[in-house]
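What follows is a single structure, written as structure tokens, with notes after it.
The values are calculated or read from the model by the stated rules, or taken from the named source; none is laboratory data. As the structure is a computational prediction, the values presented were derived from the model and not from experiment. Quick reminder, even Gly has a Cβ in these numbers, built from the backbone with ideal geometry, and neighbours come from all protein chains shown.
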Amino acid sequence: MPYRVYILECSDNSYYTGSAADVEKRLWQHQEGVVRSAYTFSRRPVKLVWCSEEVARYSDALRYERQIKGWSRAKKEALIRGDYNGIHEIVTEERKSRERNKNEHSR
């Protein structure tokens with residue numbers, strides 16, 4: 001069964017990243033507030049702003065979902081725009097920043 005990773009924009013302008021075999025059904029669940037304890041419950045309505053290509057295994061979708069959840073807002077927004085060069089530039093800047101901080105703390 002194929003799975004997809006998706007990003008929702010919530011009413012408070014935050015992003016929620018998830019994965020599902022049936023994204024349309026999952027989006028409906030988020031919109032209807034089926035799970036009261038869900039992150040999106042108090043942040044409705046939500047809007048689907050990005051969806052990945054299908055992956056064959058749930059483990060692959062979950063790994064990709066966790067990766068995106070760890071990204072900065074800027075990197076998620078570049079992904080939503082389809083700006084893959086922008087993602088690369090952000091990653092490069094993040095690395096440079098970490099290196100500068102590391103060097104400053106080691107003095």
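Couple of notes before you dig in:
- The set of residues in region 79-90 being within 24 Å of residue 55 (Cα to Cα) and either in the same structural domain as residue 18 (by TED's automatic domain parsing) or part of a helix (DSSP H, G or I) (or both) consists of 79, 80, 81, 84, 85, 86, 87, 88.
- Among the residues making up region 59-87, those that are surrounded by 12 or more Cβ atoms within 10 Å (Cβ to Cβ), in contact (Cβ under 8 Å) with a residue 24 or more places away in the chain and out of contact with any Lys or Arg (no Cβ under 8 Å at 6 or more places or on another chain) are 60, 62, 64, 65, 69, 76, 79, 80.
- Residue in region 91-105 that is surrounded by 14 or more Cβ atoms within 10 Å (Cβ to Cβ), in a helix (DSSP H, G or I) and either among the basic types (Lys, Arg) or touching a residue at least 24 places away in the same chain (Cβ under 8 Å) (or both) present: no
- Inside region 36-57, residues that are under 14 Å from residue 20 (Cβ atoms) and either part of a helix (DSSP H, G or I) or without any contact (Cβ under 8 Å) to a residue 40 or more places away in the chain (or both) make up a count of 3.
- Only one entry in 59, 14, 19 is closer than 17 Å to residue 2 by Cα and either modelled with pLDDT under 95 or touching a helix residue (DSSP H, G or I) at 6+ places or on another chain (Cβ under 9 Å) (or both), namely 19.
- Hits in region 58-78 (condition: out of contact with any Asp or Glu (no Cβ under 9 Å at 6 or more places or on another chain) and in a loop (DSSP other than H, G, I, E, B)): 70, 71
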